[in-house]
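Each remark here refers to the structure printed beneath this line.
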Amino acid sequence: MCVLVQMSETLNPKQARGFLFTFILIGGISILEMISVLVDDGPVWLRAVNILSNYLGFGLTPAVPLCLVYTMERSEHMKGSLRVAIGIEVFYFVVLTVSLFSKGLVFSVDAANHYSREAGFRVYMLMYYAGIAYLLFNTLEMAQNFQNRGRKLVYALAGFLAVGTLVQVLIPSVHITWLCVTLIAVLFFLYCNEMWNQLDGLTGLLSQKSYLNRTLNLRAEDKMLIVFDVDDFKNINDTYGHLAGDRCLREIAACLKKAYSRYGNCYRIGGDEFCVLLWQVEKEELCKEKFYWVMEKRRKIVTILPGVSYGSAELLEKESICDAKARADQHMYENKKERKEQKTR
């Protein structure tokens, strides 16, 4: 997996570092668990190895979900919550360290080198399941950027990990936790890699490639195609520069997601061209009004934000997507013409 992370061109450096550290950490803790199983009830001179392997295993395990959260694109709110979560993990690790000099909080190893759980084992389980819940919450928040694709898979992965861990809690002789954790980390990597690969790098909307793949196999819920074209975008680039133009595209994309993501998939299909595959035709007017309302609200902050022309076409049963796109484009050009005429009055 470390080789795949290094080879991936989808991941940015921060994401690559996060996944690389996660897989190294999982590998290290898996080795520690194997050592603890091998030395338990062994020669007394291996007691220190037994204590150390269990101490590091119990201490580092709750950090794995935090490493996976680190790989995500985070808002300021998520960054703050991650700092708090790291602080809690550090505090837990310190408490676990201090407990080594007493009977032990989570575990103990007696003079005969026999491992046993202590009453504080529930503290470890609380940290462990809290980490899983924290990862699940942030993954679902990230899924909103993917327009909620794969949410069911996220729930399934979290459930699988929780059940696998519960089995080992109830049956200590069965060591499957790290098999579950490793499998989840691999699947999480593949999930994120696939999702990030479907996004447009500038706007965060689904990409043109994703749109083309979807239109090759339209689904029953795809009821309407809506196209958007930015008005006088060349003038924005020529007057204010391409960085300003890029900001305008990101702002428009954000407005599209706010207005349409609950009712359809939003795509960037060209330089200044966007579209939505709408699932509910009756929501067209509601979403349209919300889009232009959000645009006007953002224009008070980003004063150079250009207008956007709009066209739509219902997807007919025996009509190709190309024909539907042509009808939507025609309506969009008519709308663009009307908007220009209104400006000249």
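The values are calculated or read from the model by the stated rules, or taken from the named source; none is laboratory data. Worth saying up front: this structure is predicted, and the values here are computed from it rather than measured. In this analysis, Cβ positions are derived from the backbone assuming ideal geometry, glycine residues included, and neighbour counts consider all displayed protein chains.
Here are the numbers for the structure shown:
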read-out	value
The range 295-313, residues that are in contact with a strand residue (DSSP E or B) (Cβ under 7 Å, 6 or more places away or on another chain), over 12 Å from Ala259 (Cβ atoms) and among the hydroxyl-bearing types (Ser, Thr, Tyr)	Ser309, Ser312
Ile132 being touching a residue at least 12 places away in the same chain (Cβ under 8 Å), under 25 Å from Met195 (Cα atoms) and in a helix (DSSP H, G or I)	yes
Failed condition for Ala259, given (1) farther than 21 Å from Lys336 by Cβ; (2) among the hydrophobic types (A, V, I, L, M, F, W, C); (3) buried (at least 18 other Cβ atoms within 10 Å of the Cβ)	(1)
Total residues in the range 106-136, condition buried (at least 19 other Cβ atoms within 10 Å of the Cβ), touching an Asp or Glu at 6+ places or on another chain (Cβ under 8 Å) and of a type in the set (Ser, Thr, Tyr)	1
Condition broken by Trp45, with the remaining ones in (1) in contact with a strand residue (DSSP E or B) (Cβ under 7 Å, 6 or more places away or on another chain); (2) of a type in the set (Phe, Trp, Tyr); (3) more than 23 Å from Ala130 (Cβ to Cβ) satisfied	(1)
Residues of the range 193-212 satisfying the condition of being under 21 Å from the mean Cα position of the chain (by Cα) and not in a loop (DSSP other than H, G, I, E, B)	Asn193, Glu194, Met195, Trp196, Asn197, Gln198, Leu199, Leu206, Gln208, Lys209, Ser210, Tyr211
Any pair with Cβ under 6 angstrom, 6 or more apart, that starts in the range 16-35 at a residue that is more than 21 Å from Leu190 (Cα to Cα) and ends at one that is modelled with pLDDT of 85 or more and assigned to a helix (DSSP H, G or I)	Ile29/Gly57; Ile29/Leu60; Leu32/Ser53; Leu32/Leu56; Leu32/Gly57; Glu33/Gly57; Ile35/Ser53
Qualifying position, being touching a Ser or Thr at 6+ places or on another chain (Cβ under 7 Å), more than 18 Å from Gln198 (Cα to Cα) and touching a residue at least 12 places away in the same chain (Cβ under 8 Å), among Ile252, Ile236, Ile226, Ile304	Ile226
Contacts under 6 angstrom Cβ, first residue in the range 90-113 being in the same structural domain as Gly131 (by TED's automatic domain parsing), partner β-branched (Val, Ile, Thr), 6 or more apart	Val109/Ile51; Asn113/Val44
Residues of the range 296-320 that turn out to be surrounded by 11 or more Cβ atoms within 10 Å (Cβ to Cβ), over 30 Å from Ile236 (Cβ atoms) and not hydrophobic (A, V, I, L, M, F, W, C), as a count	3
Candidates Leu225, Leu190, Leu202, Leu206, filtered to the one that is at pLDDT below 90 and buried (at least 20 other Cβ atoms within 10 Å of the Cβ)	Leu206
Failed condition for Val276, given (1) crowded, with 16+ Cβ neighbours inside 10 Å; (2) over 22 Å from Lys318 (Cα atoms)	(2)
Helices (runs of 4 or more DSSP H) (entirely within the range 14-117) containing at least 1 residues that are farther than 17 Å from Thr139 by Cα and among the aromatic types (Phe, Trp, Tyr)	47-60, 76-99
Sole residue being within 19 Å of Asp110 (Cα to Cα), within 27 Å of the chain's Cα centre (by Cα) and assigned by TED's automatic domain parsing to the domain that holds Phe121, chosen from Gly80, Gly87, Gly57, Gly42	Gly57
